[in-house]
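What follows is calculated from the coordinates using simple rules that are stated; it is not laboratory data. Here the structure is a predicted model, which means the values were calculated and not measured. Quick reminder, even Gly has a Cβ in these numbers, built from the backbone with ideal geometry, and neighbours come from all protein chains shown.
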Amino acid sequence: MSAPERRSVVVGRIGRPHGLRGEVSVTVRTDAPETRFAPGTVFDVPGERLTVAGHRWHRGVLLLRLDGIADRDAAERLRGTVLTVAVDDLPPPEDPEEFHDHQLVGLRAELADGRPAGTVRDVLHGPAGELLVLAREGQPDALVPFVRDIVPTVDLTSGVLTLTPPEGLLDLPPET
């Protein structure tokens, strides 16, 4: 019998090198970068383990120093590497109105009248807030702002979130 697969979530992606001493820039995909990228944090990536030696912010960009990455060439080799943490290692959000992305992905989206609207495929983080990407059968994906007026209810236990979209947001057929 094989071991159960550990689910993980993306917390960042390594970008281009910074300077000559092996620092790398990171596109951050977490609300807690100071915790997720603290010195000593270990990321298991294909073929190796990366241990954070230090981090700092430079002009709004997170820069990491990683053990064993001492020059620009070694840093360049890591470009595009996705950094993940196990779902089990994430503390629950303190606010009951907040959710981790992995908790939302896979939820069924329904309108207030119970009609299906799709399934949450992804959560996009933009400057204006979060957008739920809804996969819809026979239609293109829809982007739904993750705000209380449009998503008033998230029920993790039942696996359903309720939508009250403004007219035209989802281009749904009329009620029958």
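Between residue 32 and residue 67, what FRET efficiency comes out of the Förster formula 1/(1 + (r/R0)^6) with R0 = 30 Å and r the beta carbon distance, rounded to 0.05?
0.90
Along Cα→Cβ, 7 Å out, is where each label goes; now give me the distance between the ones at residue 21 and residue 160 in nm to one decimal.
Reported label-point gap for residue 21 and residue 160 is 5.7 nm.
Would you please calculate the Kirkwood hydrodynamic radius of region 8-88 over all C-alpha pairs and express it in Å, rounded to one decimal? Intermediate values should be presented prior to the final figure.
Numbers: mean 1/r = 0.0808 Å⁻¹.
Value: 12.4 Å, from the Cα pair sum.
Could you work out how far apart the two model spin labels at residue 100 and residue 77 are, taking each label as a point 7 Å from the Cα in the direction of the beta carbon, and quote it in nm?
3.1 nm
In nm, what is the difference between 0.36 nm times the number of residues separating residue 137 and residue 115 and their Cα-Cα distance?
Between residue 137 and residue 115, full extension yields 6.6 nm more.
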